Structure formats: C-alpha cells, structure tokens
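The structure appears right after this line, and notes come after that.
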Amino acid sequence: MIGHDDERLLDDTLTALADPTRRAILRRLAQGEARVTELAAPFAISLNSVSKHIKLLERARLVERKRMGREHLLQFRPESLRKVQEWISQQETFWRAGLEAIDQMLTDESKEKR
Amino acid sequence: MGAKVEARVSHRFKASADRVYDAWLDPAQVRVWMAASLRTFGLSGEIRRVEIDPKIGGKFFFSDMRGETEARHWGTYLELDRPRKIVFTWIIDESGEADPSVVTLTIEPETEGCTATIVHAMDAQWIDYVSRTEDGWGRMFKQIDATLAESSSLQ
C-alpha cells in the first residue's frame, strides 16, 4: 500500500519530468553534482528561472541540495523515479506475456492445419 | 495534470498481420491466449467472461477468477483499422472510468509475418491507483515486481 505522501510525490515527480528544461537539468546532474550558477549557464534563461525549476525538482525529491560551506551543491536523487519505473515494468511484463501467448496460439493453429 | 507515462512492448510474429489482429477481437481466441498469458503469472487462467463488441465506440469485457475474486477488465474501442491498429481504453475498476489508461496496438505487416507493438499510456493519478490495488493487476504484478526491481536500474 502506498500513502498520501507517496501519491503526492509521484504527482510531483511527473510534474517535474514534464518539462524539457528540468529534464536537461537532471541529465546534467546525473553526470555529477553542480552549483546553481553552473546549471544556469547552458540554458538561455535567467538564474531566477533556473532556481524555480530546481525548486520543483527538489519538491519531487529528484534533486537534493547539499551545503558545502557557503556553496550550495545540487545532487541527482533517482529514487523517486522508481514508482514510475515500476508501473512501466508491470505493464510491459503483462503485455509481453499477452503477445507471446498470441504467438504460441497462432503457431499451434498453423500446425493443426497442416 | 496531463503528464503521461508509457509502457511499450514489441513482438515479431510469423503469423500474418490479419491473424494477429483477429486474435484480439475474436472471443474464442481471446479466451485461449488470455488464459495462457495469465497462467505464466501463476494464476489459474480460469476465464469467466469474454464479451467483445468490435466496432468504434463498442465495449469489451474480460474477466477471470483469482480464487474467490473475479478480476474484471473492460474498455471501449477508440480505433479499429484491420489489420494495422487497435486503440482501446483499459479499465480495471469503476474509479478508473473518469480517466482511463489507453492501449494502442499497432501491427506492421512484413514480407513474412508482422511486428506488433503495444503502447500503454496512463497518467499519474491512475498509476497511484494501480500501485494501491490489492486485487486485479496490482496484486498480480507484485511478485514479478520484486524480481524486476532488482534487475531494473534507473538512469
């Protein structure tokens, strides 16, 4: 069973992932931690705008802020993606079994006709 | 909220596109492969009802027994284009009626046989529901999940 916190987190995760800039930020962070200013550089948007994107990513717990002295380092946290990944795996397993069963059925039918 | 998540599976068939297409809409054939598919998950595969109204806007209803519980699946055909495409909603509980998941089956004829691809798209709210469900697919996949979770890595 999953609770309300999990549900909200899943919503937050999908909202966070629904934007190309945020996905690009995640791809960058997946390669290693970075400062906010470093993240803003490749995007043609203001620091303020990048901060807003990062807030959404933090809310979805896809990104975590670490304080190193006076610096804020951002780190990618992939765990929230797990629920989404789980659903995809479940459906793929189900439909794969269906297609394989159809294949088997049609193969058997062909043999019977011979 | 609008964010969609997709599951996608492809399979190559030696059988023709027509035969693969018909396997989805002929109740007698659906009974055979649905039962076989459910048995691969360790379920009885005891099919109770298979009702199909194969027209756009027509409904289908499949159910099978899992112990004392009747697991029900139903939906509406949104597109039917023999032998290339079937689009249908996929619902496992009344609460899914409002915003159902959508399954798109495309069948590409090839010189010998065909390739079928299934894309199952769902929004966040509905995924939550599936995760919570103790009966129906949620339960059925729980054990598979345990196995998959170990091998599936997140990028």
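When only the Cβ of Lys, Arg, Asp and Glu is charged (+1, +1, -1, -1), the dipole of chain A relative to its Cα centre reaches about 720 debye. For residue B:66, the residues 5 or more places off, or on other chains, whose built amide H falls under 5 Å of its own are B:71. Cα centroid separation, region A:60-114 to region A:42-58: 28 Å.
Per-peptide packing, taken as the mean over residues of other Cβ atoms within 10 Å, places A:93-102, A:15-24 in the sequence A:93-102, A:15-24 from highest down.
Placing dummy labels 7 Å off each Cα toward the beta-carbon, the span from residue A:65 to residue B:93 is 3.7 nm.
Available extension along the chain between residue B:26 and residue B:52 is 8.6 nm, counting 0.36 nm per residue and deducting the alpha carbon span.
Among A:16, A:45, A:93, flag the residue with its Cα farthest along the positive direction of the charge dipole of chain A, charges on Cβ as +1 for Lys/Arg and -1 for Asp/Glu. Value computed over the given set: A:45. Extending 7 Å from Cα along the Cβ direction at residue A:46 and again at residue B:73 yields two label points whose distance is 5.1 nm.
Scanning residues 5 or more positions from residue B:13 or on other chains, those with amide H under 5 Å from its amide H are B:114, B:115, B:116, with H placed 1.01 Å from N in the peptide plane. Taking the simple approach of a point 7 Å from Cα along Cα-to-Cβ for both residue B:39 and residue B:82, what is their distance in nm? That separation, rounded to one decimal, is 2.8 nm. Look at the dipole of region B:37-94 built from charges on Cβ: of B:57, B:41, B:86, the Cα furthest out on the positive end belongs to B:86. For chain A, the Kirkwood hydrodynamic radius from C-alpha pairs, put into Stokes-Einstein at 25 °C and a viscosity of 0.890 mPa s, yields a diffusion coefficient of 146 µm² per second. For peptide B:16-25, the mean count of partner chain Cβ atoms within 10 Å of a residue's Cβ comes to 2.
Readers should treat all values here as calculations from the given coordinates under stated rules, not as data from a laboratory. Fair warning: this is a prediction, and the values are worked out from it, not measured in the lab. Note: ideal-geometry Cβ built from the backbone for every residue, glycine included; neighbour counts use all protein chains shown.
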